[in-house]
Amino acid sequence: MTGAGRPVLARTPHRLLPDKSRTLSQLFVPGQETLISGDSRAKAVIDRVLALTEDEVRRTLARTRADFAGRYRDLDRALERNFGLVAHRLGAEAGVSVARQRLIGAYFTQQYALEGAALFNPSIVPHPDQTGCGPGELRFVMSLRAVGEGHLSSIEFRTGTISAGSAISVEEPGPFPGTGHYRPGTCDRGVFQAKLAEFGHEDEDAQFLLSLLPERFGMAELDAAIGALSRQRATRGDSAALVDRVRWVAASSYEVVFNARHPLSERVLWPGGPAESHGMEDARFVRFTDGAEPAYCATYTAFDGGAVASHLLETADFRTFTVSPLAGPATRNKGMALFPRRIAGRYAALSRWDRESNAIAYSTDRRRWGPGVTIQAPARPWELVQLGNCGSPIETPAGWLAFTHGVGPMREYAIGAILLDLDEPEHLISALPEPLLVADKSERDGYVPNVVYSCGSLLHDGIVVLPYGCSDSSVRIATVELSQLLAELTR
């Protein structure tokens, strides 16, 4: 697309490709190594290792170390961790040597290639630490969706700098990606009640259990409430299904903490709750600008293999993350994107709650959302299949600038742009009649062909930096001159 004779958008030479050498060390249980349920063969494997001679143990462990130690910051620690997860299977043999423990751990460890299948769908925000930046420079954090074996998605990060002249540099990621330390989070009773209602649990038992919980509660308070419910089994009937769902919802709230000494680009957000057992998809990060804490939030799609739901990430420093489910009509599909500040005291978000149109939704607490108000429906040839957003809106003097995606013939994706009223974003000021970006010849082939898709952009010094995924296989970065784009939208 051109404006006033000049291209509004320009591609940069940057291209981020999947790196199959970036791996995690994960628990591997023989017999349960696929997404299909199977019987564990753990005891049989352990018995075979116990039958090895000490010399065989020594030589096998030495060979394993020689082949794999360079791929991890501390291989022995990873092996000991996984041994600890299966040690209960040893029974009376628990007193084995450290070398044999580590070797058992090795038989229950696998490498998982984070980006083995794809790397795509980025979002970008200012880095929380701007120390050392020169005049006009901005350090950024880019989130990425990585897909590995089993089509399992996780969230990765890259860092880089935008110079005063809008030159972009992307730093090489650290060599030892890791998933951090997971711990249970606290739950919001209002969100909990709304999620239970979505699953059809609004009966007397659910109300009784909720009445025993404080406004914010942890697993100890939840266990006590479940215990009280079970003690009334004689008068309340079978509450097993309710308890199962209660624990399922509670497990979707957790925290992840990373080592401050490890680079941000080594931190991987890995599925930690049942709602996302098959992946965390398309995180849309945004930095809040109205003093709301924490400083950064992201909505992402949680996928459990059968259903999708919108979840929330919150962080102040990209070291400690709080994860929680969202509730309400606007959260029941993919592609929510938060506005960077509250509007008239309420949080706002772009939503595609009907699976095909762009809508606006509001919330008083950032967790419970009402229905969406449609602002843009498919109308032009390049978007007739469906519309959606490409990340959080950018505030400009002319209005809220939001990049969108549309799907047309042959399932071809294109990126467009709309302008929304600053005070009433449910009012659409204008939309580009033609796409801003479509896949070129070098971007059309991939895991999902003919797709260009972004989860978030960044405005710096009059230039919008727009990273985007190419055919679900790689990432490129484009720049957009804000003044030209606004001129096209306000003509």
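What follows draws every value from the coordinates through simple rules; no lab data is involved. Treat the numbers as computed from the prediction; the structure is a model and nothing was measured. Cβ placement follows ideal geometry from the backbone for every residue including glycine, while neighbour counts extend to all protein chains displayed.
Before moving on, here are some points about what is shown:
- Coil-residue trypsin sites (Lys or Arg not before Pro) of the range 438-477, DSSP, other Cβ within 10 Å capped at 15: Arg444
- Estimated FRET transfer efficiency when R0 is 25 angstrom, pair Arg15-Arg71 (beta carbons, to 0.05): 0.50
- Residue-averaged [θ]222 nm for the chain, counting only DSSP H segments that reach four residues, each worth -39500 (n - 2.57): -6000 deg cm²/dmol
- Relative to the Cα centre, the charge distribution of the chain, modelled as +1 at Lys and Arg Cβ and -1 at Asp and Glu Cβ, gives a dipole magnitude of about 880 debye.
- Reach of Lys43 by Cα under 16 Å, taken over aspartates and glutamates that are not fewer than 8 positions away in the same chain: Glu33, Glu93
- About the Cα centre, charge dipole magnitude for the range 186-250 (Lys/Arg +1, Asp/Glu -1 at Cβ), debye: 160 debye
- In loop segments of the range 147-198 as defined by DSSP, the GluC sites (Glu not before Pro) with at most 16 further C-beta atoms inside 10 Å of their C-beta are Glu171.
- Stretchable slack from Ala51 to His181, in nm (0.36 nm times residue separation minus alpha-carbon distance): 43.4 nm
- Whether the range 272-323 is rounded, prolate or oblate, judged on the alpha carbon gyration tensor where a/c under 1.5 counts as rounded: prolate
- Taking all Cα-Cα distances within the range 23-113, those exceeding 17 Å account for 47%.
- Short-range pairs are left out: with C-alpha atoms under 8 Å and at least six residues apart, the relative contact order of the range 171-221 is 51 percent.
- Each Cα pair under 8 Å and six or more residues apart adds its sequence gap; the mean of these over the residue count of the chain is a relative contact order of 14 percent.
- Stretchable slack from Glu171 to Glu424, in nm (0.36 nm times residue separation minus alpha-carbon distance): 87.2 nm
- Ellipsoid equivalent to the range 186-250 - semi-axes via the Cα gyration tensor, in Å: 17, 14, 10
- Amide hydrogen proximity for Thr109: with H placed 1.01 Å from N in the peptide plane, the residues at 5 or more positions away or on another chain lying under 5 Å are Phe28.
- Local net charge near Ile343, Cβ-Cβ under 11 Å (Lys/Arg +1, Asp/Glu -1): -3
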